[in-house]
Amino acid sequence: MSEKRLKKKLLKKKLFTKNRLIILNEDTFEELFSFKLNLINVFVVATIGAILIITVTTFIIAFTPLREYIPGYSSSKLRKEATEMALKSDSLAFAIKKNEVYLESIKKVLNGDLEYAKVNKDSILAISVDTLPDLQLTATEEELELRKEVADEEARIKAEKLNKTKPKK
């Protein structure tokens, strides 16, 4: 027990012992500056410095184009191109599907499976296209009021322009 106390006291003494750091000019032995330090102060300053460097580095990487050089991050240009390619491939897949349906219907006509009068390219394409559900596209009362207000305002402006351009008698 006393040995543990002695070790703690010795450690405390080492941590809080004041030391002086002096920077001298080697040629003239002139003192440029000096610090009074202890190990706790050095540890705290080093820790704060390390945290500051890590924070600054993180912000530089996160908010500048440097992040594109880190594996796993893609550039904004690459992301935009990938989106455009996905849209193009979707539209091409849809066009291929329409053409396949059309060709199948032509094969049926050539084999004699369909009547000739019923074959219509537009109707065949319309069958294969996924149709949107019917939406009620009627204007609400607020929209009708707004339209009326806009029309009245336009009529008023036209009338004012006509009054200004008429020659006075």
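The values are calculated or read from the model by the stated rules, or taken from the named source; none is laboratory data. The model shown is predicted, which means the values in this text are computed figures rather than measured ones. Cβ: placed from backbone, ideal geometry, glycine included. Neighbour counts: every protein chain shown.
Brief remarks follow.
- Condition check for Lys98: at pLDDT below 90, part of a helix (DSSP H, G or I) and not assigned by TED's automatic domain parsing to the domain that holds Leu15: no
- Some residue of segment 39-46 being within 42 Å of the chain's Cα centre (by Cα) and among the aromatic types (Phe, Trp, Tyr): yes
- Inter-residue pairs, beta-carbon under 7 Å, first aliphatic (A, V, I, L, M) and in segment 141-169, second modelled with pLDDT under 90, 6+ apart: none
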